[in-house]
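What follows is a set of notes on a single structure, which appears directly below.
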Amino acid sequence: DYKDRKVSQGIFAVRCAATGETWVGKSRNLDQQQNRIWFGLRAGGYINPAVQAAWKANGEGAFTFEVLETIEDADLSDYSRANLLKERDAHWRAQLGAPKLVG
């Protein structure tokens, strides 16, 4: 059952209400993505220093996680899905004027 479960893939945003900053990322598992990011931020060693600094200055309560778009096409190959995620990530970063969450 675990291997057969459907995993949501797509684009998400992490927002800091206190600063108005937004970062955009792509994920092959949207359902677990927020937990991964929050864990890294709570531990104090998140890979993106700007996000970590905003977290430290404003606290967890200032942050939200938002799914912007899910990729539903099950007929895509892994390669095509990866390319589509890259394209949609670039689209949303341009749309929101936001940097990548992870370089």
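The values are calculated or read from the model by the stated rules, or taken from the named source; none is laboratory data. Note that the structure is predicted; figures quoted are calculated from it, not measured. Please note: Cβ atoms are built from the backbone with ideal geometry, for glycine as well, and neighbour counts cover all protein chains shown. Side chains are part of the model used for accessible areas, which takes the heavy atoms of the whole protein and leaves out ligands, DNA and RNA. Shrake-Rupley method; radii C 1.70, N 1.55, O 1.52, S 1.80 Å.
Things worth noting here:
- Simple spin-label estimate for Thr19 and Ser80 gives 3.9 nm between the two label positions (7 Å along the Cα-to-Cβ direction from each Cα).
- Modelled this way, with points 7 Å down the Cα-to-C-beta line, the labels at Asp73 and Val102 are 2.4 nm from one another.
- Residue order for Arg15, Arg28 - accessible surface, 1.4 angstrom probe, largest first: Arg28, Arg15
- Which of Asp75, Asp89 is most accessible, then next, and so on - probe 1.4 Å: Asp75, Asp89
- In summary, the lysines within cross-link reach of Lys6, defined as a Cα separation below 27 angstrom excluding same-chain residues under 8 places away, comprise Lys26, Lys86, Lys100.
- Cα-based convex hull, the range 27-78, per residue volume (Å³, whole number): 96
- Dividing the helix sum by the residues of the chain, where each DSSP H run of 4 or more adds -39500 (n - 2.57), gives a mean residue ellipticity at 222 nm of -13500 deg cm²/dmol.
- Looking at the chain, the accessible area is 62 square angstrom per residue; that uses a 1.4 Å probe and ignores ligands, DNA and RNA.
- About the Cα centre, charge dipole magnitude for the chain (Lys/Arg +1, Asp/Glu -1 at Cβ), debye: 380
- DSSP bridge orientation in the chain - percent antiparallel, rounded to nearest 5: 95
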